[in-house]
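Just below is one structure, and these are the notes that go with it.
Each value in this text was obtained by applying a stated rule to the coordinates, not by laboratory testing. From a predicted model like this one, the values you see are computed outputs, not experimental measurements. Note: ideal-geometry Cβ built from the backbone for every residue, glycine included; neighbour counts use all protein chains shown.
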Amino acid sequence: MQTRKISQIIEPQYAMEGAGVLLQRSIAPRATNEFDPFLLFDHFAFNNPKEGPILGFPTHPHRGIETVTYILDGSVNHRDSLGNSGLIGPGDVQWMTSGRGILHEEMPRRGPSGNIYGFQLWVNLPSHLKMSKPRYQEVKASTIPVYEKDGLKIRVVAGVVDNVSGPVTEIAASPLYLDVQLDPNHEWIQPVKRGHTTLAYVFEGEGVFSDETVSAVRMLKFEDGDQIHIKTENNPVRFMLIAGAPFKEPIAPYGPFVMNTMQEIQQTLQDLRNGTFIQND
Ligand code: CO
């Protein structure tokens, strides 16, 4: 069994998105596709109640991708062109497969603590699913299994830990998406399929990944191998472990769309202009 070493440590950069939402971005869609099948990872954290109103993400389109919203504090009010609406609350996950197209708005709201805290991951779709029918998997906090063992606590959203499977299934990238907490002076080994792109977003505390100590907040990318090995010393650590099968296709990212060619992007813009972007069948 080969333990994966860290190949890259990324410091998240501040970015302004939507109607003026300040967030920390560690990966963004690029034609180089170096995190294939993952395209974007944003971390939003508002903890100053004196901050202005949260303007959120007014109606915008997506095509060719999946957006995964995971809320830890506060909530996001969501509404879309297919008639879906609802609140993504603390501990909930929304795994949205845009396929050929949705229009939605995403409006963060403060919880009783005054905080808003969460992540959005974008996962690519392979060419044969980019124009598929849109699909949602709404997962309430209470239905996400928690794996607990000797200083370890994992919320299993997608993939398998030991004999515990996450509720999000039938995703093209066969992802692993875990929220992992490890107490001080403990260790954990998790098998990850060889060839799958593997990332860890360290957002609290400090841990030793393979043989390198990493403190929050950092995105890590791992080399290939069969497993990841994490241990803690005096501090606890909390991180998102994200892995998935790369599609190895060319990509053409353009704002909220990720297609395979620029012609498909032109077609997308034309569909928006012609009013043929949304098909409710
Ligand atoms: Co969106």
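Restricting attention to the stretch 83-100, the residues that are of a type in the set (A, V, I, L, M) and closer than 16 Å to Pro256 by Cβ add up to 1. Just one of (1) of a type outside the set (Lys, Arg); (2) in contact (Cβ under 8 Å) with a residue 40 or more places away in the chain; (3) within 14 Å of the ligand (Cβ to nearest atom) fails for Asn77. It is (2). Within the option set Leu182, Leu199, being surrounded by 18 or more Cβ atoms within 10 Å (Cβ to Cβ), under 20 Å from the mean Cα position of the chain (by Cα) and not hydroxyl-bearing (Ser, Thr, Tyr) holds for one residue only, Leu199. Across the stretch 6-14, a minimum of one residue is classified as in contact with an Asp or Glu (Cβ under 7 Å, 6 or more places away or on another chain) and in contact (Cβ under 8 Å) with a residue 24 or more places away in the chain.
Please report, ordered by residue number, the strands (runs of 3 or more DSSP E) entirely within the stretch 30-145 with at least 1 residues that are touching a helix residue (DSSP H, G or I) at 6+ places or on another chain (Cβ under 8 Å) and surrounded by fewer than 17 Cβ atoms within 10 Å (Cβ to Cβ). Once the strands (runs of 3 or more DSSP E) in the stretch 30-145 are filtered for at least 1 residues that are touching a helix residue (DSSP H, G or I) at 6+ places or on another chain (Cβ under 8 Å) and surrounded by fewer than 17 Cβ atoms within 10 Å (Cβ to Cβ), nothing remains.
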